[in-house]
Amino acid sequence: MARIQGRNASRQQFVDAINELFSPQMFTQCSRHGNAEWSAQKVLWVGLLMNWMAGSTLSERFRAARRLVRLVQPRWVLPTTYPGFVEAQQRWWPVLWPLLCRRLRADETFGVAWRVMGWLVLAADGSRFECPRTTDNEKGLQCAGREKTSPQIFQTTLQHVGTGLPWDVRLGPGTDSERRHLEQMLCDLPPQSLLTADAGFVSYELCAWLCKNNHTFVLRVGGNITLLEGLGWEQEQRERTVYLWPQDRRNNPPIVLRQLRFLSPGGLPVVLLTNEFDTSRLRDDVMQAIYGARWGIEVYYRIFKQTWGFRQLLSRTPETALNEQRWRIASLWTLQRLIAKHLSAAGHDPRRFSGAQARRIIREFLQDLQQGDRGPSSRNV
């Protein structure tokens, strides 16, 4: 009896944790689509659990997630077919995504982790994910890698560096542009933030937009970008002031930038650009450290691909592959947000999140929740 009571308490604790992040009231603004039985709240629960549970196929994970949701939410009626669930996911995604972002992003309640060395830092980076080699995927997704590479999805992530949590994400086919993805996310930057990114993102348009909208940046520049010197538009610091002024933008003024050169630990030259000239606000060592802190987004992709095994998708059409990737992102982001908040509340660095430990703990916990279940919830699935 004590074991049953303990299991019931764990189930309620699990429900409370999810409801605290995604309260039932949050879904009142989601008007139902006709008489569909897959409400936004049901789709969210099953969609999250699918990617927390083990299973070699998507339909297997769906059945396991649906069975567990029926166990912890016994009053819910859940349709049985996986294709119907996928259709509901795709239908609800435009409504759910803004809600997910608002609930999962870091905020000032994270305390000292909200800023890095006094700056609200966000990092951008992109990565590709392979999809099954089907005719539909090859036609709709394409690939940007070597010959004979599988069709791919390109993901660009904007990460809150202080907590390691994603801030925003964009997806597209393998040939998509991370610059274009970042441009789509700029309007959701928090006020007066600092953006840091690698060389592939630097453009006149990006730097001009960030300057105009009172954001700071620390960007690495590569050899494909031409920087000018000695134009005299501003009071110059020798070897430190450079100008970004490509030929096709000569009808606009040049962007005046401060340059920092140093050698990487491997001995390679690194050139950073910033629009902040006040060295008392952004010292050279801080500028270099902020750029170095973008390693966290590389850790995120490593956890996503290697630790959680999300390197390859299983879906056989572009629409379902993009849907699969969206819910993988949402699932890991939710779990990371729950753990990061717990770490922060305990006075620890939220970036101590361990993807491997989180994967093991959540799967063991969900498996334990289902132990001893022999009622209707586990049958007739």
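The values are calculated or read from the model by the stated rules, or taken from the named source; none is laboratory data. Worth saying up front: this structure is predicted, and the values here are computed from it rather than measured. Positions of Cβ are generated from backbone atoms using ideal geometry, with glycine treated the same way; all protein chains shown enter the neighbour counts. Please note that ligands, DNA and RNA were not included when accessible areas were found on the heavy atoms of the full protein model with its side chains. Shrake-Rupley method; radii C 1.70, N 1.55, O 1.52, S 1.80 Å.
Below are the figures for this structure:
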quantity	calculated
Unmet criterion (only one of (1) closer than 22 Å to Leu122 by Cα; (2) open to solvent by less than 50 Å² (accessible area, probe 1.4 Å); (3) part of a loop (DSSP other than H, G, I, E, B); (4) out of contact with any helix residue (DSSP H, G or I) (no Cβ under 9 Å at 6 or more places or on another chain)) for Met287	(3)
Considering residues of segment 94-107 that are touching a Leu at 6+ places or on another chain (Cβ under 9 Å) and under 15 Å from Leu44 (Cβ atoms) only, the residue surrounded by the most Cβ atoms within 10 Å (Cβ to Cβ)	Leu96
Lone unmet requirement of (1) farther than 23 Å from Lys212 by Cα; (2) open to solvent by less than 70 Å² (accessible area, probe 1.4 Å) for Asn252	(1)
Of residues in segment 311-358 being within 13 Å of the chain's Cα centre (by Cα) and either among the aromatic types (Phe, Trp, Tyr) or not in a helix (DSSP H, G or I) (or both), the one surrounded by the most Cβ atoms within 10 Å (Cβ to Cβ)	Trp333
Single residue of segment 119-138 satisfying the filter (assigned to a loop (DSSP other than H, G, I, E, B) and under 23 Å from the mean Cα position of the chain (by Cα)) that is farthest from Met185 (Cα to Cα)	Pro132
Search result, residues across segment 104-156 that are under 18 Å from His181 (Cβ atoms), out of contact with any Gly (no Cβ under 8 Å at 6 or more places or on another chain) and of a type in the set (S, T, N, Q)	Ser127
Condition met for Val270 (at negative phi, open to solvent by 30 Å² or more (accessible area, probe 1.4 Å) and among the aliphatic types (A, V, I, L, M))	no
Filter pass, Glu205 being acidic (Asp, Glu), at pLDDT 95 or above and open to solvent by less than 40 Å² (accessible area, probe 1.4 Å)	no
Evaluation of Gln90 against (1) touching a Leu at 6+ places or on another chain (Cβ under 8 Å); (2) open to solvent by 30 Å² or more (accessible area, probe 1.4 Å) (one fails), failing number	(1)
Checklist (1) at pLDDT 95 or above; (2) closer than 19 Å to Val121 by Cβ; (3) of a type in the set (Val, Ile, Thr) applied to Thr279, failing item	(1)
Cross-chain or 6+ apart pairs with Cβ under 8 Å, segment 53-73 first and at negative phi, then among the basic types (Lys, Arg) and in a helix (DSSP H, G or I)	Met53/Arg61; Met53/Arg363; Ala54/Arg61; Ala54/Arg363; Val69/Lys42; Leu71/Arg11; Val72/Arg11
Given (1) within 21 Å of the chain's Cα centre (by Cα); (2) surrounded by fewer than 17 Cβ atoms within 10 Å (Cβ to Cβ), index of the condition Phe110 fails	(2)
Selected residue (criterion: nearest to Arg11 (Cα to Cα)) from residues of segment 40-85 that are open to solvent by less than 20 Å² (accessible area, probe 1.4 Å), modelled with pLDDT of 95 or more and in a loop (DSSP other than H, G, I, E, B)	Trp52
Boolean, Leu369 is among the aliphatic types (A, V, I, L, M), modelled with pLDDT of 95 or more and in contact with a Leu (Cβ under 7 Å, 6 or more places away or on another chain)	no
Filtered residues of segment 165-194 (kept if closer than 22 Å to Lys139 by Cβ and in a helix (DSSP H, G or I))	Arg180, His181
Subset of segment 290-310 (residues that are open to solvent by less than 20 Å² (accessible area, probe 1.4 Å) and part of a loop (DSSP other than H, G, I, E, B))	Ala293, Arg294, Trp308, Phe310
Those residues of segment 140-192 which are free of Cβ contacts under 8 Å to residues at least 60 places away in the same chain, open to solvent by 50 Å² or more (accessible area, probe 1.4 Å) and farther than 25 Å from Leu314 by Cα, in sequence order	Arg179, Arg180, Glu183, Gln184, Cys187, Pro191
Selection count where residues are within 26 Å of Gly200 (Cβ to Cβ) and either open to solvent by less than 40 Å² (accessible area, probe 1.4 Å) or out of contact with any helix residue (DSSP H, G or I) (no Cβ under 9 Å at 6 or more places or on another chain) (or both), scope segment 116-139	16
